[in-house]
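Chemist: Please find one structure pasted underneath; my questions will follow.
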Amino acid sequence: MPPTLSLVYDRIRTEEKELINAAEKRGIDLKPVDAKELHLTITDTAKERELFGDVALERCVGHFRGLYITAILESKGIRVINKYSTASTCGNKLLSSILLGKAGIPTPKTLVAFTVEETMKALEEMGYPAVIKPVFGSWGRLIAPLKDREMAQAILEHREEMGNPLYQIFYIQEMIARPPRDIRTVVVGGEVAACIYRYSTPEDWRTNIARGGKAEVCPMNSELKELILKASDAVGGGVLGVDAMETKDGFVIHEVNSTVEFKGAMSVSETDIPGKIIEYATKLARS
Amino acid sequence: MKLKCPECDGDIEVKEVIEGEILTCKDCGAELEVVKEKGNLELKVAESEGEDWGE
């Protein structure tokens, strides 16, 4: 029996469209499943196998929606790309930093505090400029540079007024002196499928493609490749977007993304990224 | 094929679209999702961006 795959989505973006096309080209049965039209019985483990096939590619744009669907599917014995443990770690910057640090991967110095007062003390210790990031969040949302004490005080006070308790977990990183770009790699099953620079634009200091960042091919050297694969392993592997920055002392890994957006990489890379992902999922289904 | 914008009732010409795809109405700017209702493609107002959206 040929393997069957499913693609769990809540929006069909370029990436999902390309994954559907790649499966079609290879004659792979890939069933798109709209997460917004799902209700899953979590107390009955037997159901749903038919709907999701041997391997499900979780591609929801909503992180928590995708994460909990993954948990439910795994409980029913369906393999998901990526695994719950990986998606859960990557969706949380604090947990990601812990794993990167533990694996001895160079990553920006990161401090965490739980009150404004203590965060101000931590900033004095680390020095300015620094960066504050929400522990969960994406597309660079609510990431802010803290250039000096006044700016930090103002941003932290605003953060304190925000209702979500997760915003009161103050995750602070040293500001890395980098060129106006970072490096995005797409890792598929322990292989680096694409490596690009993402340039920030004059309108925004962040490099996210979703914020208008521009993509360009990045040549890869062995030092970078080794770090990227080590970071991928540290979070459990699968299909990942591993991001690096260039510093005067070498590369640092600052983020690993679980539902990787590869539209930017696809526009400049010669590798068939969606094809590689489908082949990886098929291989996993056969194993 | 022509579909109706559920927001402004304007006509939207669509080609080779699939369920789940997002279109923007040129008349009113609404973000619309392609859905299938009783076998026919239709448009409904898409979900707005959530705090946890994206990578």
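The values are calculated or read from the model by the stated rules, or taken from the named source; none is laboratory data. Treat the numbers as computed from the prediction; the structure is a model and nothing was measured. Don't worry about glycine lacking a Cβ; one is built from the backbone with ideal geometry, like all the others, and counts go over all protein chains shown.
Chemist: Among A:Glu255, A:Glu246, A:Glu270, A:Glu279, which is the only one that is free of Cβ contacts under 8 Å to residues at least 12 places away in the same chain and of a type in the set (Asp, Glu)?
Modeler: Numbers: A:Glu255 fails: free of Cβ contacts under 8 Å to residues at least 12 places away in the same chain; A:Glu246 fails: free of Cβ contacts under 8 Å to residues at least 12 places away in the same chain; A:Glu279 fails: free of Cβ contacts under 8 Å to residues at least 12 places away in the same chain.
Answer to the selection: A:Glu270.
Chemist: Of the conditions (1) part of a helix (DSSP H, G or I); (2) within 19 Å of the chain's Cα centre (by Cα); (3) at pLDDT 95 or above; (4) not acidic (Asp, Glu), A:Ala210 satisfies every one except a single condition; which number is it?
Modeler: All conditions pass for A:Ala210, except number (3).
Chemist: Checking A:Cys60 against (1) without any contact (Cβ under 8 Å) to a residue 12 or more places away in the chain; (2) facing chain B (nearest Cβ under 10 Å); (3) of a type in the set (A, V, I, L, M, F, W, C): exactly one of these is not met. Which one?
Modeler: (1)
Chemist: Can you tell me which residue among A:Asp272, A:Asp243, A:Asp233 is within 30 Å of A:Ser6 (Cα to Cα) and touching a His at 6+ places or on another chain (Cβ under 6 Å)? Steps first, please.
Modeler: Working: A:Asp272 fails: touching a His at 6+ places or on another chain (Cβ under 6 Å); A:Asp233 fails: touching a His at 6+ places or on another chain (Cβ under 6 Å).
That would be A:Asp243, the only listed residue that is within 30 Å of A:Ser6 (Cα to Cα) and touching a His at 6+ places or on another chain (Cβ under 6 Å).
Chemist: Working only within the range A:37-73, note down all residues that are charged (D, E, K, R), surrounded by 15 or more Cβ atoms within 10 Å (Cβ to Cβ) and either out of contact with any strand residue (DSSP E or B) (no Cβ under 6 Å at 6 or more places or on another chain) or at pLDDT below 95 (or both).
Modeler: At the first step, the residues of the range A:37-73 found to be charged (D, E, K, R) are A:37, A:44, A:47-50, A:54, A:58-59, A:65.
Now restrict to residues that are surrounded by 15 or more Cβ atoms within 10 Å (Cβ to Cβ): A:48, A:54, A:58-59, A:65.
If the condition is that a residue be charged (D, E, K, R), surrounded by 15 or more Cβ atoms within 10 Å (Cβ to Cβ) and either out of contact with any strand residue (DSSP E or B) (no Cβ under 6 Å at 6 or more places or on another chain) or at pLDDT below 95 (or both), then A:Glu48, A:Asp54, A:Arg65 are the ones that fit.
Chemist: In the range B:13-55, what count of residues is obtained for those that are assigned to a loop (DSSP other than H, G, I, E, B) and either within 13 Å of chain A (Cβ to nearest Cβ) or more than 29 Å from A:Tyr68 (Cβ to Cβ) (or both)? Spell out the reasoning first.
Modeler: So in the range B:13-55, the residues assigned to a loop (DSSP other than H, G, I, E, B) come out as B:14-20, B:25-30, B:38-39, B:46-52, B:54-55.
When the remaining residues are screened for being either within 13 Å of chain A (Cβ to nearest Cβ) or more than 29 Å from A:Tyr68 (Cβ to Cβ) (or both), the result is B:14-20, B:25-29, B:38-39, B:46-52, B:54-55.
Residues that pass the stated criteria total 23.
Chemist: While we're on this one: Within the range A:177-207, track down each residue that is under 29 Å from A:Val80 (Cβ atoms), part of a loop (DSSP other than H, G, I, E, B) and touching a Phe, Trp or Tyr at 6+ places or on another chain (Cβ under 8 Å). Write out each step before concluding.
Modeler: So in the range A:177-207, the residues under 29 Å from A:Val80 (Cβ atoms) come out as A:182-196, A:198, A:207.
Restricting the remaining residues to those that are part of a loop (DSSP other than H, G, I, E, B) gives A:189-190, A:207.
Of everything in the range A:177-207, those that are under 29 Å from A:Val80 (Cβ atoms), part of a loop (DSSP other than H, G, I, E, B) and touching a Phe, Trp or Tyr at 6+ places or on another chain (Cβ under 8 Å) turn out to be A:Gly189, A:Thr207.
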